[in-house]
1. If you go through region 60-84, how many residues are touching a strand residue (DSSP E or B) at 6+ places or on another chain (Cβ under 7 Å), among the charged types (D, E, K, R) and either outside any strand (DSSP E or B) or more than 18 Å from Pro131 (Cα to Cα) (or both)?
2. Those residues that are small (Gly, Ala, Ser) and within 16 Å of Leu88 (Cβ to Cβ), I need them from region 138-178; list them, please.
3. List pairs: first residue in region 115-128 and closer than 14 Å to Ser93 by Cα, second residue of a type in the set (Phe, Trp, Tyr) and modelled with pLDDT of 90 or more anywhere in the structure, Cβ distance under 8 angstrom, at least six positions apart or on different chains.
4. Any chance you could count how many residues in region 167-178 are out of contact with any Asp or Glu (no Cβ under 7 Å at 6 or more places or on another chain) and either within 24 Å of Gly69 (Cβ to Cβ) or modelled with pLDDT of 95 or more (or both)?
5. Can you tell me which residue within region 79-90, out of those that are without any contact (Cβ under 8 Å) to a residue 24 or more places away in the chain and either touching a Phe, Trp or Tyr at 6+ places or on another chain (Cβ under 6 Å) or more than 14 Å from Ile153 (Cα to Cα) (or both), is most open to solvent (accessible area, probe 1.4 Å)?
6. So, in region 92-114, exactly how many residues are touching a residue at least 24 places away in the same chain (Cβ under 8 Å) and either assigned to a loop (DSSP other than H, G, I, E, B) or over 13 Å from Pro149 (Cβ atoms) (or both)?
Amino acid sequence: MKAGKKISIAAISGMIFLTLPSVAKANDPGSCFMVTSSGKTVSLGRLCGITPQPSTPKVFRVPIKRRLGKTPIIDVNFNGNQAFEMVLDTGASVILITQEVATALKLQPSGKMKASIADGSMVEFKTSNVPTIAVGGAVLNNAKVVIAPKAKIGLLGHDFFEKYDIKILEKQVEFYLR
């Protein structure tokens, strides 16, 4: 240990906590934490009087409502006032909405697009634009959407999250602004 560095030890309810000075690194729990008997790291920053620093890059967390197979379904907000469930599809390149969503948003088709679907066949879809699509604090303005008349649920694809790194957890999805 370098000279001049301080180590502090605290005992609370029979548990001993060791606080060491550290340099923050990826996945670093900070300088005040404990590890439970199951191996989970728990931050004790508030207990130690450490004020959390704003994270960089910005992270938006969204709860997973349910799953379709193993794929997360999340709420997606359109135009700041209407939310619809969509599949977070990391394999989709576009934002695909159902005809029901297009009708609820009063969208008028503005173009057409040919696309290869999961079974390999080519299909032509109508397209339109939506002023805003948001998930948590992640927002896309003037978003091009593909309208799929036979789809039962929409797909949130790369056109929405192309500026984010995504981490899919058990109960939430994290969007990290690049």
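1. Residues flagged as touching a strand residue (DSSP E or B) at 6+ places or on another chain (Cβ under 7 Å), among the charged types (D, E, K, R) and either outside any strand (DSSP E or B) or more than 18 Å from Pro131 (Cα to Cα) (or both) within region 60-84 amount to 4.
2. The initial filter retains those residues of region 138-178 that are small (Gly, Ala, Ser), namely 138, 143, 148, 151, 154, 157.
Within region 138-178, Ala138, Ala143, Ala151, Gly154, Gly157 qualify.
3. These pairs meet every condition: Ala115/Phe125.
4. Residues of region 167-178 that are out of contact with any Asp or Glu (no Cβ under 7 Å at 6 or more places or on another chain), as a first pass: 168-175, 177.
Then drop every residue that is not either within 24 Å of Gly69 (Cβ to Cβ) or modelled with pLDDT of 95 or more (or both), which leaves 168-175.
Looking only at that region, the number is 8.
5. Narrowing region 79-90 to residues without any contact (Cβ under 8 Å) to a residue 24 or more places away in the chain: 81-83.
Narrowing the set further to residues that are either touching a Phe, Trp or Tyr at 6+ places or on another chain (Cβ under 6 Å) or more than 14 Å from Ile153 (Cα to Cα) (or both) leaves 81-82.
Working: Asn81: 113, Gln82: 58 Å².
It comes out as Asn81.
6. Filtering region 92-114 for residues touching a residue at least 24 places away in the same chain (Cβ under 8 Å) gives 92-99, 101-102, 105, 107, 109, 113.
Those left that are additionally either assigned to a loop (DSSP other than H, G, I, E, B) or over 13 Å from Pro149 (Cβ atoms) (or both): 92-95, 105, 107, 109, 113.
Number of matching residues: 8.
Table: residues versus (1) surrounded by fewer than 11 Cβ atoms within 10 Å (Cβ to Cβ); (2) at pLDDT 95 or above.
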| site | (1), (2) |
| --- | --- |
| Ile95 | no, yes |
| Lys114 | yes, no |
| Ser121 | yes, no |
| Ser128 | no, yes |
| Gly137 | no, no |
| Val146 | no, yes |
| Leu155 | no, yes |
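The values are calculated or read from the model by the stated rules, or taken from the named source; none is laboratory data. Note that the coordinates shown come from a computational prediction; the quantities given were computed from them, not determined experimentally. Glycine gets a Cβ as well: all are built from the backbone with ideal geometry, and neighbour counts include every protein chain shown. Each accessible area value is taken on the protein alone, full model and side chains, heavy atoms only, with ligands, DNA and RNA left out. Shrake-Rupley method; radii C 1.70, N 1.55, O 1.52, S 1.80 Å.
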